[in-house]
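Comments concern the structure below.
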Amino acid sequence: MPSFLSDPPPQRDHCIPVLPAIHSCRPAALVTPASSGLAWRGGAGCLQGGAVGRAAADGTCYLFAHKFPLLSLAPKVIGFGSIEATTMKDTNKPTRASRSGGKLLYVVHMLLFVSLGFVLGMASISKFPNFNIPFVPSLPSPKQPSSSPPPPTPWPAPQKLQMGLMSFLPPSGVVAHNMTDEELFWRASMEPKLRRTPYHRVPKIAFLFLVRGDLPLRPLWEKFFAGHHDLYSIYVHADPSYTGSPPKDSVFYGRMIPSQKTKWGDVSLVEAESRLLANALLDHANERFVLVSEACIPVYNFTTIYAFLANSTTSFVDSYDTGDCRARYDRFFSEHTNITIDHWRKGAQWFEMDRAMAVEVVADEPYIQMFRDFCVGRWRCLTDEHYLPTLLTLLGWRERNANRTLTYADWKRPQGMHPHTHDKDEVTEELVRKIREDGGNRCFYNGERNGICNLFARKHCFGWLPKSWALVDLIVVDCDTKKPARSSSRIGGRLAGVASMLLLVSLGFVLGVTSSNAMFIRFYLPFMSPLHSADAASPSASSSSPPPQPPPTPSPPPPAQYQQQTSFLAPSGGVMHNMTDEELYWRASMAPMVRRAPDSRVPKVAFLFLVRGELPLRPLWEKFFAGHDGLYSIYVHAHPSYSGSPPADSVFYGRYIPSQRTKWGDASLVEAERRLLANALLDLGNERFALFSEACIPVFNFPTVYAFLTGSNSSFVDCYENGGSRSRYRPFFATRNITLARWRKGSQWFEMDRALALESIADGFCFPAFRDFCVGRSECLIDEHYLPTLVSLLGWGRRNANRTLTYADWKRAVNRHPHTHGGEEVNEKLLREIREDGGRRCYYNGAWNGVCNLFARKFSPDALEPLLRLAPKVMGFG
């Protein structure tokens, strides 16, 4: 783009596709121009990734083009659009509708004439009650309906269904929401730490339309998308003042995202692109992202474009550093930022990128802010041509980007600071082929020469649409003769039409009379009185007004039009689901790349109860939680055979998660801990996680525990090494790269932050080794070694306090278990000793602190009564 031109900017939004559509969810090979039967010219080559590879056999460089009139050429040249042929001898002559459209119109006309006859028949019986058709017997007057109709049947209450993995993936139904950009980008930047997807997923391409309002080329795009509804998503960012909407049967209906005002040459354009990306990232099936405007067109069909993008190993973001680019580098960046002239890049804003790059763009906070600061007070800062190419250079994305766009634009005939706009007289088959062939260039694709350089093109004016629509849809061609179908003579056709009309009206008239006399006795037209009866019992019966109609059955509530931010944070409807462990861990491992959480989010502490069944100390815990709703979550893992339930008014009601059988000293105990963590991680409000058994109690009140945990900058996982711990190390672990130097031991009762919880459930290295070690062993005791060893392997260092916050009396241990406190032992002295821990002072956030224990174990069920009595005085609750 010439930087010295300053003409007023014309409309900038004009893009189209230039290859065909996909007919298979998983294409075996890329559909090429050669395979479509078209002739292509060879030539030099386009670069992808800045490298030269070995030659390939065909040659496409562009998939899209910008600014065109094309419906007439779509079926023949581009490869989509439902017509038999695209020839027209004389565009001034009247044309016929397509076969499908003509048949539909004919059926509509038939129904209209029959309906007219039906209404006339009903009206004639109303005015002439003694009129009878010979083959229809006279029937008595219709009975008046009851004045008090029965009440309408209410809609049944919704059933509570268990949620599956799909309930946690894309937003439901609509793309509208009321999230702020900060909330949206934080939510959209979430990606699973577990890379292997646990379900069959067909990747989709997200088409992002950055427009002013209307989509004048919508009919062309609808033909492009037709028949491929599971392989694409559409998102439209229009001016907030735009109130129009496409028809309900359009693929664009309901796809307008919450938007903000944009201005040409301003950073608001880049923000709109990021907003489109963020909305598309909410759907985890979207793997590729294409930015287009209302003036863009596709120049291949969907099949070719889908195959090209879905199989590509790189993104396509235009990025170069020529003299024209360097001339725009401003000293603001060298004085106020770390963006040097060596990082500075320029390129077209119309990108095609993969999901990994899209997440990086949405998660970027520092560099977009630098460009915002640069644009303050500048009328035209042109960040849309510099931000994204420069960001990729700063991120070191060079090898994963092809450094070119797939959207063609004619810069040989620029209009001010914009590419040439193609009007309707320019759009020909020759022009579309020229865009697709790109002068015989052969671009790099996945390390090899390929004939496709452009998939889309811009910019295209809107005046071509009526002409092209006629070419595509209004020509009916006989498949055998390849000639336009001829109609009958004008006079004969008109006579036949009139006769058909009269027959249809007559048929409707007979049906109207018949239904009035026999079939629909209680049927009334709103504009005529009810039928008179020849043998009515009273005059009032024949002169009565239409009976009152029963009130209609109430409609179900309309679907929600906006997705709340909270609907993306926690699963709705309880903790039950039907996900497998593999699905659960994958979904729970999602973490935002945007580190700063939205201000509206209040951190919660997740209390994880690993129990056999009953919770004998539940009344004590309920008093502990009382009055602190919104600051905690509860998850209970019980034996699968347990069928009991706490009372409906209990905080533990409905908090039992899907569980599996556990055994002391076995790997199943660690699996249960990870299962509890994963379920708690589904709620993005949970920031701290504490594990308990049914024999654990709190020894401080909730405010103290909450402030201690949420204010801590470390986790609390017991982790140490000594002679006793090293004696349990086995050579088996050396074969799994777990050395003795990394081997650790500690109590299984942890309190950890979200970062460590994510690492634990995403662990695909350490836990499989421990699980395999336990095969065939009755007591492998990995619950005391797995988590401490994982923390050591992760190099968590100062991020872990290397101690537990749960007290246990090991001085009186019994059979490898700590002492159990019975009811006769529980007194004020015992509780104060546990709280004070013998006067010991522990480190907390780098300083000495008097709180070493927040919880304690083990307490027998008969300890409940004295604990409830002492709680208000000693522990500060109840």
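Some notes on this structure:
- Cα Rg over Rh - segment 330-465, Kirkwood: 1.02
- When the alpha carbon gyration tensor of segment 208-344 is reduced to an equivalent ellipsoid, the three semi-axes, largest first, read 31, 20, 14 Å.
- Once the Cβ-Cβ distance of Asp581 and Arg328 is raised to the sixth power relative to R0 = 60 Å, the FRET efficiency obtained is 0.65.
- Solvent-accessible area of Met256 with every protein chain in place, 1.4 Å probe, in Å² to the nearest 10: 60 Å²
- Rg of the Cα atoms in segment 594-701, relative to 2.2 N^0.38 Å, amounts to 1.10.
- Peptides 408-415, 342-349 ranked from most to least packed by the mean count of surrounding Cβ atoms within 10 Å: 342-349, 408-415.
- Full extension of the chain between Arg798 and Lys193 yields a length gain of 215.5 nm, computed as 0.36 nm times the residue separation minus the alpha carbon distance.
- In the complete set of protein chains, residue-level accessible area for Glu784 is approximately 40 Å², probe 1.4 angstrom.
- Here the Kirkwood formula, the inverse mean of 1/r across different C-alpha pairs, assigns segment 255-412 a hydrodynamic radius of 16.4 Å.
- Separation of the Glu836 and Asp181 label points, Cα + 7 Å toward Cβ, nm: 5.7 nm
- Calculated FRET efficiency for the pair Lys434/Arg612, C-beta based, R₀ 51 Å, to 0.05: 0.10
- Given a 1.4 Å probe and the protein chains as shown, Asp249 ends up with an accessible area of around 140 Å².
- Once the chain from Tyr653 to Lys248 is taken as fully extended at 0.36 nm per residue, the excess over their C-alpha distance is 141.5 nm.
- Volume per residue that the Cα convex hull of segment 362-404 spans, once the total is divided by residue count, Å³: 73 Å³
- Kirkwood hydrodynamic radius over Cα pairs of segment 629-783, then Stokes diffusion coefficient at 25 °C and 0.890 mPa s, in µm²/s: 141 µm²/s
- If you take the alpha carbon atoms of segment 805-854 and fit the smallest convex hull around them, that volume is 88 Å³ per residue.
- Sorted into 5 angstrom bins from 0, the C-alpha pair distances of segment 725-870 split as 2, 8, 15, 18, 16, 15, 13, 9, 5, 1, 0 percent.
- Gyration tensor over the Cα atoms of segment 282-340: the corresponding equivalent ellipsoid has semi-axes (square roots of 5 times the eigenvalues, largest first) of 34, 16, 12 Å.
- With the cut-off at under 12 Å, measuring from each backbone N in segment 753-786 to a point 7 Å along the Cα-to-Cβ line of Leu740 picks out no residue.
- As a calculated quantity, the FRET efficiency between Thr340 and Asn446 at R0 = 25 Å, using C-beta atoms, amounts to about 0.20.
- Kirkwood Rh, angstrom, segment 246-293 [1 / mean 1/r, Cα pairs]: 12.4 Å
- Stretch gain in nm, segment Asn311-Ser643, where the contour uses 0.36 nm per residue and the Cα spacing is subtracted: 114.6 nm
- In sequence order, calculated HN-Hα J values of segment 787-794 (Karplus, 6.51, -1.76, 1.60; Hz; x Gly/Pro): 5, x, 5, 4, 4, 5, 5, 6
- Cα→Cβ-extended label distance, 7 Å offset, between Tyr843 and Arg869, nm: 4.2 nm
- With the simple spin-label model, which puts each label point 7 Å out from Cα in the Cβ direction, the His200 to Glu825 separation comes to 5.7 nm.
- Entries of Lys829/Lys858; Lys811/Lys873; Lys811/Lys858; Lys223/Lys248; Lys424/Lys459 with Cα pairs more than 20 Å apart: Lys811/Lys873
The values are calculated or read from the model by the stated rules, or taken from the named source; none is laboratory data. This is a predicted model, so every value here is computed, not measured. Here Cβ is always computed from backbone atoms with ideal geometry, including for glycine, and neighbour counts include all displayed protein chains. Note: accessible area is taken over every heavy atom of the protein model, side chains too, but ligands, DNA and RNA are not part of it. Shrake-Rupley method; radii C 1.70, N 1.55, O 1.52, S 1.80 Å.
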